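Trainee: A single structure is presented below for examination.
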Amino acid sequence: MKRSLRAIAAAGLLAAGSIVAVALGGTASADTQICDQYGSTTIGGKYVVQNNRWGTSAQQCINVTSTGFSITRADGSAPTNGAPVSYPSIFVGCHYTNCSPGTNLPVQVKNISSAPASISYNYVSGAIYDAAYDIWLDPSPKKDGVNQMEIMIWLNRQGSIQPIGSPVGNTNIAGRTWEVWRGSNGSNNVISYVAPSAIPSFSFDALAFINDTRNRGAITNDWYLTSIQAGFEPWQGGVGLAVNSFSQSVNTGGSNPPPTSTPPTTTPPPSGSSACTVTYRSTNVWNNGFTAEVTVKNTGNSTINGWTLNYNLPSGQNVTSAWNATVSQSGSAVTARNVDYNGTLAPGASTNFGYQATLNGGFSAPSSFTLNGTACARG
């Protein structure tokens, strides 16, 4: 499944909550216990550690050390086909107006020369969680609210959970192979890089993942890196999970050139795992309008949890109302997102939505569709 609805659920609360929490937490010298929902503190004069219990009213506590944190209490739980209960993490940059001391973020991607990173985790058994290294980017130098692009590096996962969207292939970054997922949580786009097995410690250049995301057309060199975070997304349990150490720098003054050739291809996922079929038909056409029905079918081997369908309407067609999906239009570009009851599509399953639109000229159907960034066959 997935999840990163923390950007939605916490949007109205986290900005105010983190300001209060900084006042409560201050700067950690000896070990500091944080149980406040959005409590945070700073360590090393450079990083912010946050409790960020955004998805449950149940208690969660973290113990902050001079180099990281550990989860000491985790009372909340959530079904694995929904969002996690929290994202306790350590970060550099700006997150909902809470900026780490002396940060040089936000900074444009084109001005980043390197972003050396190092992380060490402690994992536990019997809990359901992912260990995620999050990279946030936006077209503007945003220091509050939801960013438009989230890169997730999944270094471990336990239980029946999966990233947002669907798999789109495999790639090699930082000397390792990653399964790549792409989708949207309804608030921001997400590209996830999933390790095939647990990685307890990792030293790498975060810019490599940013550049791969750029090469996929998800961002440009003019976008801004706003924060880099590392922590856990627990669904059930989690006591003992820890970030033992975290180091992240963003070096500027150089130049990060855009790709000069065709972006590198990725190894295809298992046959059919990201396949989809879209059937589009008009149900009624009159002189200045029409209604249409769109059927989306998962013809792959993996369950789709949350879908976004993109396509372009021919000139003279404008959507006025919709049902069974949230449909928006900008120019000719249409974006249709699932609603809460039809976001999960098992292999072979389908769903449909419809809308009414104005019409200026003759009716014609869209020529192509993409589902969570993957091209679909026409039904």
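Trainee: State, to one decimal in nm, how far the label point of Ser113 lies from the label point of Tyr280, with both points 7 Å from Cα in the Cβ direction.
Mentor: The answer from the label model is 4.8 nm.
Trainee: Fewest Cβ neighbours within 10 Å first, please rank Phe209, Phe69, Phe204 accordingly.
Mentor: Details: Phe209 23, Phe69 28, Phe204 19.
Arranged by neighbour count, lowest to highest, Phe209, Phe69, Phe204 become Phe204, Phe209, Phe69.
Trainee: Sort Arg53, Arg157, Arg73 by Cβ crowding within 10 Å, fewest neighbours at the top.
Mentor: Working: Arg53 29, Arg157 18, Arg73 15.
Exposure proxy ranking, most exposed first: Arg73, Arg157, Arg53.
Trainee: In nm, to one decimal, how far is the modelled label at Thr335 from the one at Asp222, with both set 7 Å along Cα→Cβ?
Mentor: It is 1.8 nm.
Trainee: Shifting gears a bit: Figure the gain on full extension for Arg176 and Ala346 (residue separation times 0.36 nm, minus the Cα-Cα span) and round it to one decimal in nm. Write out the running numbers ahead of the final one.
Mentor: Values: separation 170, 0.36 × 170 = 61.20 nm, distance 2.93 nm.
Residue separation times 0.36 nm, minus the Cα-Cα distance, leaves 58.3 nm.
Trainee: Suppose we take every Cα in the chain and form the convex hull; what volume per residue is that in Å³?
Mentor: Numbers: hull volume 50.9 nm³, N = 379.
Considering the Cα atoms of the chain, their hull volume per residue is 134 Å³.
Trainee: Okay, moving on. What dipole magnitude, in Debye to the nearest 20, does the chain give about its Cα centre under +1 on Lys/Arg Cβ and -1 on Asp/Glu Cβ? Write out the running numbers ahead of the final one.
Mentor: Values: 18 positive and 15 negative charges, 92 e Å.
Value, rounded to 20: 440 debye.
Trainee: Which residue, Ser125, Ser245, Ser70, tops the fluctuation ranking in a GNM of the chain built on C-alpha contacts under 10 Å?
Mentor: Looking only at Ser125, Ser245, Ser70, the biggest GNM fluctuation is shown by Ser125.
Trainee: How large is the helix-only mean residue ellipticity at 222 nm for the chain, computed as the sum of -39500 (n - 2.57) over DSSP H runs with n ≥ 4, divided by its residue count, in deg cm²/dmol to the nearest 500? Write down the numbers at each step before the final one.
Mentor: Values: 3 runs with 29 residues, N = 379.
About -2000 deg cm²/dmol.
Trainee: What's the extension gain from Ala375 to Asn301 if we count 0.36 nm per residue and subtract their Cα-Cα distance?
Mentor: Working: separation 74, 0.36 × 74 = 26.64 nm, distance 1.58 nm.
Additional length available on full extension: 25.1 nm.
Trainee: May I ask for the angle, rounded to the nearest 10°, between helix 11-25 and the longest principal axis of the chain, with both axes built from Cα atoms and the value confined to 0 to 90°?
Mentor: Helix 11-25 sits roughly 0 degrees off the main axis of the chain.
Trainee: Mind checking the angle between helix 206-215 and the chain's longest principal axis? C-alpha axes, 0 to 90 degrees, to the nearest 10.
Mentor: Relative to the chain, helix 206-215 is tipped by roughly 10 degrees.
Trainee: Once Lys and Arg get +1 and Asp and Glu get -1 on their Cβ, which of Thr335, Phe91, Asn360 lies farthest toward the positive end of the dipole of the chain?
Mentor: Value: Asn360.
Trainee: Over what distance in Å are the Cα centres of the range 36-100 and the range 178-203 separated?
Mentor: 19
No value in this document is a laboratory result; all are computed from the given coordinates. Treat the numbers as computed from the prediction; the structure is a model and nothing was measured. Neighbour counts run over all protein chains shown; Cβ positions are idealised from the backbone, glycine included.
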